[in-house]
1. Considering only residues that are under 17 Å from the mean Cα position of the chain (by Cα) and either in contact (Cβ under 8 Å) with a residue 60 or more places away in the chain or not in a loop (DSSP other than H, G, I, E, B) (or both), which ones fall in segment 99-116?
2. If residue 130 satisfies every condition in (1) modelled with pLDDT of 95 or more; (2) crowded, with 19+ Cβ neighbours inside 10 Å; (3) under 15 Å from the mean Cα position of the chain (by Cα) but one, which is the exception?
3. For segment 81-98, how many residues meet the condition of being under 25 Å from residue 169 (Cβ atoms) and in a loop (DSSP other than H, G, I, E, B)?
4. Hey, among the residues in segment 159-197 that are closer than 11 Å to residue 142 by Cβ and of a type in the set (S, T, N, Q), which one's surrounded by the most Cβ atoms within 10 Å (Cβ to Cβ)?
Amino acid sequence: MWITLLNELILKNMNKNIFIGMGMAIFLLLAIGGYFFWQLYSTQTQETVLIPAENNNQTQPSDMIVKKPNPITQTPKEGDILVATKDNTDIPVKDFYKNKRTIVYPKWGASLRDDPYYSLLYFTTDKSFLISLTGGDLHTVRFDAEKEFLSILGVTEEEACQLKVVTGVSRDASEKASGHDYGLSFCPSGKPLPKNL
């Protein structure tokens with residue numbers, strides 16, 4: 001009788017130990033798999049650049065040397081966050097999420113400012129900004145919105161020109177000016193608003 005009870009206890013403990021061992025093995029495999037998945041998808045995408053080989057003046061595709069530079073990412077200061085630029089590098093800006101007037105929308109991004117005449121929005125999906133002009137004297141409103149945008153992000157005009165920024169006019173503000181991306185007025189790619197609004 002004692003032997004039967006002892007055998008049952010050993011079998012129960014062995015089953016328990018096997019179950020625990022299998023659980024630990026599965027956890028370990030998942031952890032290792034997760035680590036490799038993270039390593040695979042956390043590396044930055046690389047752009048292929050073709051550089052002519054130094055043979056002669058004629059360049060054939062077979063003469064090209066392939067280099068894959070990594071985008072340069074600046075290190076943010078304390079209290080800054082990284083935001084993507086047009087060429088997919090990152091630059092540090094003030095952490096606008098900590099701004100008292102920022103409203104965070106977890107599904108798509110944040111409203112940095114909602115003024116009666118303009119809105120400043122950030123989209124997390126592509127790390128871009130939208131300056132939406134919604135009323136008033138649009139030329140003055142654009143100037144004010146851009147000034148506020150620079151202040152919120154703590155960037156220079158030159159740095160702002162590197163960011164993904166769309167400036168648009170709402171249809172309610174001007175049917176004539178709506179439907180276009182004007183960019184930032186101080187950037188080389190910026191476009192002026194129509195004159196007679």
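The values are calculated or read from the model by the stated rules, or taken from the named source; none is laboratory data. Keep in mind it's a predicted model, so treat the numbers as computed, not measured. Cβ placement follows ideal geometry from the backbone for every residue including glycine, while neighbour counts extend to all protein chains displayed.
1. Within segment 99-116, 104, 105, 109, 110, 111, 112 qualify.
2. Only one criterion in (1) modelled with pLDDT of 95 or more; (2) crowded, with 19+ Cβ neighbours inside 10 Å; (3) under 15 Å from the mean Cα position of the chain (by Cα) is unmet by residue 130, namely (2).
3. Residues flagged as under 25 Å from residue 169 (Cβ atoms) and in a loop (DSSP other than H, G, I, E, B) within segment 81-98 amount to 1.
4. 167
Here's the yes/no breakdown for (1) at pLDDT 95 or above; (2) surrounded by 13 or more Cβ atoms within 10 Å (Cβ to Cβ); (3) under 21 Å from residue 193 (Cα atoms):
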residue: 89; (1), (2), (3): no, yes, no
residue: 120; (1), (2), (3): yes, yes, yes
residue: 126; (1), (2), (3): no, no, no
residue: 137; (1), (2), (3): no, no, yes
residue: 143; (1), (2), (3): yes, yes, yes
residue: 147; (1), (2), (3): yes, no, yes
